[in-house]
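Q: Once you've had a glance at the structure underneath, I'll fire off some questions.
The values are calculated or read from the model by the stated rules, or taken from the named source; none is laboratory data. In this text the structure is predicted, and so the values were computed from the model without any measurement. Please note: Cβ atoms are built from the backbone with ideal geometry, for glycine as well, and neighbour counts cover all protein chains shown.
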Ligand code: CO
């Protein structure tokens with residue numbers, strides 16, 4: 001059985017990374033560990049580690065992505081919760097068997113080699129959930 005092992009990160013949708021960093025980095029004092037573009041997701045992301053997990057800031061870089069539409073409709077705020085698993089393929093099969101609606105049929109692989117996939121909020125009580133396998 002695949003296991004969920006930890007909360008990898010909590011993501012906040014933002015319209016401007018720099019102005020968000022005024023709070024997360026400058027006021028709270030968190031370290032900005034990573035800032036990069038993710039063309040595959042039409043997003044720019046920032047990671048700020050805290051206590052074994054991370055805060056992720058995500059900003060859309062196009063107008064037509066799911067993230068851009070989310071931001072236009074709901075404004076800035078909590079966007080997704082990312083759970084780490086020891087076996088993402090097995091976890092996705094298990095979820096499908098339980099009738100859980102997935103956004104990605106198969107895991108995607110990031111530039112850093114991490115595998116990830118999103119679970120539809122319809123199946124999770126309204127929370128967009130991301131799965132990660134390192
Ligand atoms: Co994420």
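Q: Which of the numbered conditions does residue 90 fail, given that it passes all the others? Conditions: (1) in contact (Cβ under 8 Å) with a residue 60 or more places away in the chain; (2) away from the ligand (no atom under 15 Å from the Cβ); (3) buried (at least 18 other Cβ atoms within 10 Å of the Cβ).
A: For residue 90, the failing item is (3).
Q: Let me ask another. Look at the range 64-106 and say how many of its residues are in contact with a helix residue (DSSP H, G or I) (Cβ under 8 Å, 6 or more places away or on another chain) and within 16 Å of residue 38 (Cα to Cα).
A: 2
Q: With 115, 122 as the choices, which residue is over 15 Å from the mean Cα position of the chain (by Cα) and either within 19 Å of residue 45 (Cβ to Cβ) or modelled with pLDDT of 95 or more (or both)?
A: Result of the check over 115, 122: 122.
Q: Another one. Give just the number: which of (1) within 25 Å of residue 4 (Cα to Cα); (2) more than 14 Å from the ligand (Cβ to nearest atom); (3) modelled with pLDDT of 95 or more does residue 105 not satisfy?
A: Answer for residue 105: the failing condition is (3).
Q: Any residue in the range 16-31 that's without any contact (Cβ under 8 Å) to a residue 60 or more places away in the chain: show its pairings with residues that are part of a helix (DSSP H, G or I) at Cβ separation under 7 Å, as long as the two are six or more apart or on different chains.
A: 30/24
Q: So which residues in the range 52-86 are touching a residue at least 60 places away in the same chain (Cβ under 8 Å) and either in a strand (DSSP E or B) or within 16 Å of the ligand (Cβ to nearest atom) (or both), if there are any at all?
A: Those that are touching a residue at least 60 places away in the same chain (Cβ under 8 Å) and either in a strand (DSSP E or B) or within 16 Å of the ligand (Cβ to nearest atom) (or both): 76, 77, 78, 79, 80, 81, 82, 83, 84, 85.
Q: If I filter the range 28-37 for residues that are farther than 24 Å from residue 123 by Cβ, away from the ligand (no atom under 15 Å from the Cβ) and out of contact with any strand residue (DSSP E or B) (no Cβ under 9 Å at 6 or more places or on another chain), do I get at least one hit?
A: Within the range 28-37, one or more residues are farther than 24 Å from residue 123 by Cβ, away from the ligand (no atom under 15 Å from the Cβ) and out of contact with any strand residue (DSSP E or B) (no Cβ under 9 Å at 6 or more places or on another chain).
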